[in-house]
Amino acid sequence: MTFLVDANFFIEAHRITYPLDVVPSFWEEIASSAHKGDICSLDKVKAEIDKHEDDLRDWCDQNLPDNFFKDSTSSILAYGRIAQWANSKSDQYRPEALAVFLDSDRADAWLAAYASENSMTVVTQEVSAPESKKNIKLPDVCIAGGIHYENTIGMLRALSIKI
């Protein structure tokens, strides 16, 4: 099983749960899993990380393999299906929520598309909110598309990682 990680996997780990200077073993395990090919992400996620000129950006540049951040446009057909699904929910979601979700520079729709085409599990810290009108949550997209998803702890357990 290969895991496709969302930007919030990195950002929340770095800022809240597993700071680089406090829990280096977490980051060593992530780098090791990345080099084994157990986890990867998308170029859109890298762009979100790169917006912040911080230790996380530097860590990613120095510790992840060159092929870690995959080309999201390789899943353009699946992205079209995800966009179609989102647009079909216009009676539920506010226009702003749809616009944010379908912004081609944002990662969520691309993550769902890439995972669906490559039989991967999405890793996100987002929580399903099926009644939401303000935001389209990645777990809800995954549920609708039959795409498996986990949070960080679920991924660590599946990979038998202990930190």
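The values are calculated or read from the model by the stated rules, or taken from the named source; none is laboratory data. Just so we're clear, the structure is a prediction, and the values are computed from it rather than from any experiment. Using ideal geometry, Cβ is built from the backbone for each residue, glycine included, and neighbour counts are taken over all protein chains shown. The protein model used for the area step is the full one, side chains on, heavy atoms only, and it has no ligands, DNA or RNA in it. Shrake-Rupley method; radii C 1.70, N 1.55, O 1.52, S 1.80 Å.
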Open item on the list: What is the sum of charges, Lys and Arg at +1 and Asp and Glu at -1, for the other residues whose Cβ falls under 13 Å from the Cβ of Ile11?
Closed with: -3
Task: Pairwise centroid distance, computed over Cα atoms, of region 45-96 with region 121-163, Å - done: 14
Open item on the list: So for the chain, if I pair up every lysine 8 or more residues apart or on another chain, how many of those pairs have alpha-carbons under 26 Å apart?
Closed with: 20
Open item on the list: For Thr17, project a label point 7 Å along Cα to C-beta. Then give me every residue of region 134-163 with its amide nitrogen under 16 Å of that point.
Closed with: 138-139, 149-163
- [ ] Using R₀ = 22 Å, calculate the FRET efficiency as 1/(1 + (r/R₀)^6) where r is the Cβ-Cβ separation of Gln92 and Glu117; round to 0.05.
- [x] 0.30
Task: Under-5 Å amide H pairs with Ile39, H placed in peptide plane, nonlocal only - done: Phe3, Ala34
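Within the set of other residues whose C-beta is less than 14 Å from the C-beta of Asp21, count the net charge using Lys and Arg as +1 and Asp and Glu as -1.
-3
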Open item on the list: For the chain, take the longest principal axis of its alpha carbons; what is the angle in degrees between that and the long axis of helix 24-36, to the nearest 10 within 0 to 90?
Closed with: 70
TODO: Sort 77-83, 113-119 for me by packing, meaning the mean count of neighbouring Cβ atoms within 10 Å per residue, highest on top.
DONE: 113-119, 77-83
- [ ] Just need the relative contact order of region 16-163 here, percent rounded to a whole number, with Cα pairs under 8 Å and 6+ apart.
- [x] 21
- [ ] Using a/c under 1.5 as the rounded threshold, could you call region 81-152 rounded, prolate or oblate? The axes a ≥ b ≥ c are square roots of the C-alpha gyration tensor eigenvalues, and prolate needs a/b larger than b/c, oblate otherwise.
- [x] prolate
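Would you work out what percent of the accessible area of the chain, with all protein chains in place, is carbon or sulfur (probe 1.4 Å)?
Carbon and sulfur atoms account for 47 percent of the accessible area of the chain.
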Task: Alpha carbon convex hull of region 12-163, projected area averaged over orientations, nm² - done: 8.9
Open item on the list: Based on the alpha-carbon set only, what is the convex hull volume of region 14-78 divided per residue, in Å³?
Closed with: 99
Open item on the list: Net charge within 13 Å of Ser72 by Cβ-Cβ distance, Lys/Arg positive one each and Asp/Glu negative one each, not counting Ser72 itself?
Closed with: -4
TODO: Place the peptides 22-30, 68-76 in order of packing, highest mean first, counting for every residue the other Cβ atoms within 10 Å and averaging per peptide.
DONE: 68-76, 22-30
Open item on the list: Keeping every protein chain present and rolling a 1.4 Å probe, give me the accessible area per residue for the chain in Å².
Closed with: 52
Task: Phi-based couplings in Hz for region 49-58 (Karplus 6.51, -1.76, 1.60; Gly and Pro marked x) - done: 5, 5, 4, 9, 7, 9, 4, 5, 4, 5
Task: Debye log10 I(q)/I(0) for region 59-99, one point scatterer per Cα, at q = 0.13, 0.31 Å⁻¹ - done: -0.49, -1.00
